[in-house]
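Read through the structure below, which is laid out as structure tokens, and then see the notes.
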Amino acid sequence: MEPEGRRGNKASQERFGRACEAAREYAVDPDGWLVLGGSSGSGKTHLAAAIVNERIKNGHPALYITAPDLLDHLRSSFSPDSEVPYDEFFDRVRNAPLLVLDDLGAQSGTPFAKEKLDQLLTSRFNAELPTVIVAITPVEQMDDRLRTRLTDPRLCRVYVLEEEQPTSEYSWEPEFELQKKMTFINFKRRNNLSTEIQDNMDEAYRLAFDFAKNPEGWLVFMGVTGCGKTHLAAAIVNYRYEAGKTALFVVVPEFLDHLRSAFSPESKVSYDKLFESVKTAPLLVLDDFGEHSATPWVKEKLYQLINYRYNGRLPTVITTRYSFDEILGEVDSAISSRLVDQNTSTPFNIMAPDFRGDRRADKKRPYSRGKTGRYR
């Protein structure tokens, strides 16, 4: 369980060293609960997995599972075709001699998810069964009941491997108060939908969360207004900010408006600086792609932006109401070919209807594509 060389300041290195030593001791004699927190990439999952590997290598049983996977397995175990019945699977996890629960905080915030996690953790807490928790959100931001369990000094030891603050260069602007609150935790699973659509939403959630943890390539979410694509895109940005990483969220029509206004002598930011900051963002979300005017100037600017990020293989998330066929048929080929390039991009159609009401999506559109505007 030798730690890899940690980057960062001396304090971060010392934090990791203390957590590594605690994990090494825990692997020898798992007693109580070990809670590992810290930013993405800080090494907490590495330490948790190393504990499991060490126990198994020495002939001791141990179970590793992520919180989202646990809940997925529990849901699927209700099916008559499930190889392992619900009760049997839940008891196996609840009574595991050593349980490592990774990615706590990444699960959806549905009543089912909260209930099952509370049952699991309360049972193991009361029985004082050895448990390792890898938290992706700060413990102090969790629900009171869960936070009380994880910070009880009689049973738990908490190690925060690395704390970072988001850089000031990229952050939420004042007009994005709604998006600031869109996280993976409060992304609600809509149980009134068909199984096919629920499975589709679960896959969209998984794609977004995996991208947030390791942003590579492009992710293109397609779907009607209100299907959840903007929430997932904003959740990716919030996850990156929580991890102390850089990301930028822009609404395409508004970005183009800002870009035009930057030509004005009274503009507080120059055109070049604004365009460069968006073009080179380490991770960029382009929300409402396709809700912009289609003037030659707009086409040119979007092509320059998308082509730059495509050639540089810069992580990018795009949300659009265009379908896959509409992207191929209505978007300029120079842009559409990049959006659907399977070597770079993962286009995904979210099948859910508008969660804000039962009205059909086409009746909610106040204007046709091609006119500037902002809505979600």
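The values are calculated or read from the model by the stated rules, or taken from the named source; none is laboratory data. Owing to the predicted nature of the structure, the values given are computational and were not obtained by experimental measurement. So basically every Cβ, Gly included, is an ideal-geometry build from the backbone, and we count neighbours across all protein chains shown. Areas reflect the complete protein model, heavy atoms only, side chains present, ligands, DNA and RNA absent. Shrake-Rupley method; radii C 1.70, N 1.55, O 1.52, S 1.80 Å.
At 1.4 Å probe size, what's the solvent-accessible area of TRP172? Round to the nearest 10 Å².
40
How large is ³J(HN,Hα) for each residue in segment 319-328, as worked out from phi by the Karplus curve 6.51 cos²θ - 1.76 cosθ + 1.60 (θ = phi - 60°), to whole Hz, x for Gly and Pro?
10, 7, 8, 5, 7, 4, 5, 5, 4, 6
How large, in percent, is the carbon and sulfur part of the accessible surface of segment 9-124 at a probe radius of 1.4 Å?
Here it works out to 50 percent.
Please list the non-local residues whose amide H lies under 5 Å from the amide H of VAL317, H modeled 1.01 Å from N, same-chain partners needing a gap of 5 or more.
Hits under the 5 Å cutoff: LEU219, LEU284, VAL285, LEU286.
Quote to one decimal, in nm, the extra length available between LYS299 and LYS273 on full extension: 0.36 nm per residue of separation minus the C-alpha distance between them.
Fully extending the segment from LYS299 to LYS273 adds 7.4 nm.
For the pair GLU25 and GLN141, how long in nm is the line joining their label points, each one 7 Å along Cα→Cβ?
Label at GLU25, label at GLN141, 2.9 nm between them.
Pop out the ³J(HN,Hα) list for segment 131-146 in order, Karplus 6.51 cos²θ - 1.76 cosθ + 1.60 with θ = phi - 60°, rounded to Hz; leave Gly and Pro as x.
Result, ordered by residue: 9, 10, 10, 9, 9, 8, 10, x, 4, 5, 9, 7, 4, 3, 4, 6 Hz.
Per residue, what accessible area does segment 206-335 have, given a 1.4 Å probe and all protein chains present, in Å²?
On a per-residue basis, 38 Å².
Of SER337, SER77, which has the most accessible area with a 1.4 Å probe, and how do the rest follow in descending order?
Largest accessible area first, the residues go SER337, SER77.
Grab every C-alpha pair in segment 238-352, bin the distances at 5 angstrom width from 0 up to the longest one, and report whole percents.
Pair shares across the bins are 2, 10, 20, 24, 21, 13, 7, 2, 0, 0.
Which order do you get for THR280, THR151, THR137 if you rank them by accessible area with a 1.4 Å probe, largest at the top?
Per-residue accessible area, sorted high to low, gives THR151, THR280, THR137.
In square angstrom, what is the accessible area per residue of segment 26-72 with a 1.4 angstrom probe?
38
What's log10 of I(q)/I(0) for the chain at q = 0.07, 0.08, 0.11, 0.12 Å⁻¹, Debye sum over Cα points only, no solvent?
Debye intensities relative to I(0), on a log10 scale: -0.37, -0.47, -0.85, -0.98.
Sequence neighbours fewer than 8 away in the same chain don't count; with that in mind, list the lysines whose C-alpha is under 25 Å from LYS10.
Correct list for LYS10: LYS44, LYS213, LYS245.
Where the accessible area of segment 235-314 is counted over protein heavy atoms with a 1.4 Å probe, how much of it, in %, is carbon and sulfur?
55
Extent of segment 145-224 along each principal axis, from alpha carbon coordinates, in Å, largest to smallest?
In descending order, the Cα extents are 48, 37, 27 Å.
Residues with beta-carbon under 13 Å from that of ARG145, excluding ARG145: net charge, scoring Lys, Arg +1 and Asp, Glu -1?
It works out to a net charge of -2.
How big is the dipole moment of segment 5-110 about its Cα centre under a simple scheme where the beta carbon of each Lys and Arg is +1, that of each Asp and Glu is -1, and everything else is neutral? Debye, nearest 20, please.
The dipole of segment 5-110 has a size of about 700 debye.
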